[in-house]
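**Q** Below is one structure. I have some questions about it.
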Amino acid sequence: MFAVCFHSISQGYSRMATKIQAALRAAVLVGSFAIVTGCASVTPEELAAVRATAEAANTAATAAQRTATTAQQAASGAQSTANQALQAAQAAQACCDATNQRLDRMFEQTQQK
(Lines give C-alpha, C1' and ligand atoms only; values in the text may rest on other atoms or scores of the structure.)
Protein backbone atom coordinates (compact mmCIF):
# COMPACT_ATOMS: atom_id res chain seq x y z
CA MET A 1 0.00 0.00 0.00
CA PHE A 2 2.83 2.41 0.88
CA ALA A 3 4.53 1.70 -2.42
CA VAL A 4 1.35 2.36 -4.37
CA CYS A 5 0.92 5.69 -2.56
CA PHE A 6 4.57 6.61 -3.14
CA HIS A 7 4.22 5.69 -6.81
CA SER A 8 1.24 8.00 -7.26
CA ILE A 9 3.15 10.83 -5.56
CA SER A 10 6.09 10.43 -7.90
CA GLN A 11 3.76 10.48 -10.89
CA GLY A 12 2.32 13.75 -9.56
CA TYR A 13 5.81 15.26 -9.36
CA SER A 14 6.51 14.14 -12.91
CA ARG A 15 3.31 15.71 -14.21
CA MET A 16 4.03 18.90 -12.26
CA ALA A 17 7.55 19.20 -13.68
CA THR A 18 6.22 18.67 -17.20
CA LYS A 19 3.58 21.36 -16.69
CA ILE A 20 6.19 23.76 -15.31
CA GLN A 21 8.40 23.22 -18.34
CA ALA A 22 5.48 23.76 -20.73
CA ALA A 23 4.45 26.94 -18.93
CA LEU A 24 7.99 28.28 -19.01
CA ARG A 25 8.35 27.57 -22.70
CA ALA A 26 5.06 29.35 -23.38
CA ALA A 27 6.11 32.34 -21.28
CA VAL A 28 9.42 32.62 -23.09
CA LEU A 29 7.67 32.36 -26.45
CA VAL A 30 5.10 35.03 -25.56
CA GLY A 31 7.77 37.29 -24.06
CA SER A 32 9.98 36.93 -27.12
CA PHE A 33 7.03 37.65 -29.42
CA ALA A 34 6.09 40.77 -27.44
CA ILE A 35 9.66 42.03 -27.52
CA VAL A 36 10.06 41.44 -31.24
CA THR A 37 6.67 42.81 -32.32
CA GLY A 38 6.20 46.03 -30.45
CA CYS A 39 8.25 46.69 -27.39
CA ALA A 40 10.96 48.79 -28.98
CA SER A 41 11.77 50.39 -25.64
CA VAL A 42 13.21 47.19 -24.19
CA THR A 43 16.92 47.50 -23.61
CA PRO A 44 19.38 44.70 -24.32
CA GLU A 45 20.09 44.51 -20.58
CA GLU A 46 16.41 43.96 -19.82
CA LEU A 47 16.21 41.33 -22.53
CA ALA A 48 19.29 39.60 -21.10
CA ALA A 49 17.70 39.66 -17.64
CA VAL A 50 14.51 38.08 -18.98
CA ARG A 51 16.51 35.42 -20.78
CA ALA A 52 18.56 34.70 -17.66
CA THR A 53 15.37 34.34 -15.61
CA ALA A 54 13.85 32.04 -18.21
CA GLU A 55 16.99 29.93 -18.36
CA ALA A 56 17.10 29.69 -14.56
CA ALA A 57 13.45 28.65 -14.51
CA ASN A 58 14.10 26.08 -17.22
CA THR A 59 17.07 24.73 -15.27
CA ALA A 60 14.89 24.44 -12.15
CA ALA A 61 12.18 22.66 -14.15
CA THR A 62 14.73 20.25 -15.58
CA ALA A 63 16.03 19.53 -12.07
CA ALA A 64 12.45 18.96 -10.90
CA GLN A 65 11.93 16.53 -13.79
CA ARG A 66 15.08 14.62 -12.79
CA THR A 67 13.90 14.49 -9.19
CA ALA A 68 10.50 13.22 -10.30
CA THR A 69 12.12 10.56 -12.44
CA THR A 70 14.29 9.46 -9.53
CA ALA A 71 11.24 9.34 -7.26
CA GLN A 72 9.36 7.29 -9.82
CA GLN A 73 12.23 4.82 -10.05
CA ALA A 74 12.35 4.57 -6.25
CA ALA A 75 8.61 4.00 -6.18
CA SER A 76 8.92 1.24 -8.76
CA GLY A 77 11.61 -0.43 -6.67
CA ALA A 78 9.48 -0.11 -3.54
CA GLN A 79 6.50 -1.62 -5.36
CA SER A 80 8.62 -4.55 -6.49
CA THR A 81 9.85 -5.12 -2.94
CA ALA A 82 6.28 -4.92 -1.63
CA ASN A 83 5.15 -7.47 -4.21
CA GLN A 84 7.95 -9.83 -3.17
CA ALA A 85 7.02 -9.40 0.50
CA LEU A 86 3.38 -10.14 -0.28
CA GLN A 87 4.35 -13.32 -2.15
CA ALA A 88 6.56 -14.43 0.74
CA ALA A 89 3.77 -13.74 3.24
CA GLN A 90 1.27 -15.69 1.14
CA ALA A 91 3.68 -18.62 0.89
CA ALA A 92 4.26 -18.54 4.66
CA GLN A 93 0.51 -18.48 5.29
CA ALA A 94 0.00 -21.43 2.94
CA CYS A 95 2.69 -23.36 4.81
CA CYS A 96 1.09 -22.49 8.16
CA ASP A 97 -2.32 -23.57 6.91
CA ALA A 98 -0.91 -26.88 5.66
CA THR A 99 0.85 -27.51 8.98
CA ASN A 100 -2.36 -26.78 10.90
CA GLN A 101 -4.30 -29.19 8.69
CA ARG A 102 -1.71 -31.93 9.28
CA LEU A 103 -1.83 -31.34 13.04
CA ASP A 104 -5.63 -31.44 12.99
CA ARG A 105 -5.59 -34.77 11.11
CA MET A 106 -3.04 -36.21 13.53
CA PHE A 107 -5.14 -35.10 16.50
CA GLU A 108 -8.28 -36.59 14.95
CA GLN A 109 -6.45 -39.90 14.36
CA THR A 110 -5.32 -40.07 17.99
CA GLN A 111 -8.88 -39.37 19.16
CA GLN A 112 -10.27 -42.24 17.05
CA LYS A 113 -7.99 -44.85 18.58
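The values are calculated or read from the model by the stated rules, or taken from the named source; none is laboratory data. Bear in mind that the values here come from a model prediction, so they are computed numbers and not experimental data. To get the accessible areas, we keep the full protein, side chains included, count just its heavy atoms, and leave off ligands, DNA and RNA. Shrake-Rupley method; radii C 1.70, N 1.55, O 1.52, S 1.80 Å.
**Q** So which residues in the stretch 43-94 are farther than 22 Å from R15 by Cα, part of a helix (DSSP H, G or I), at pLDDT below 95 and open to solvent by less than 60 Å² (accessible area, probe 1.4 Å)?
**A** Within the stretch 43-94, L47, A48, A49, A52 qualify.
Residues are listed down the side, and each one gets a yes or a no for (1) of a type in the set (V, I, T); (2) more than 30 Å from the chain's Cα centre (by Cα):
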| residue | (1), (2) |
| --- | --- |
| A60 | no, no |
| A63 | no, no |
| Q73 | no, no |
| A82 | no, no |
| L86 | no, no |
| Q90 | no, no |
| A94 | no, yes |
| D104 | no, yes |
| T110 | yes, yes |
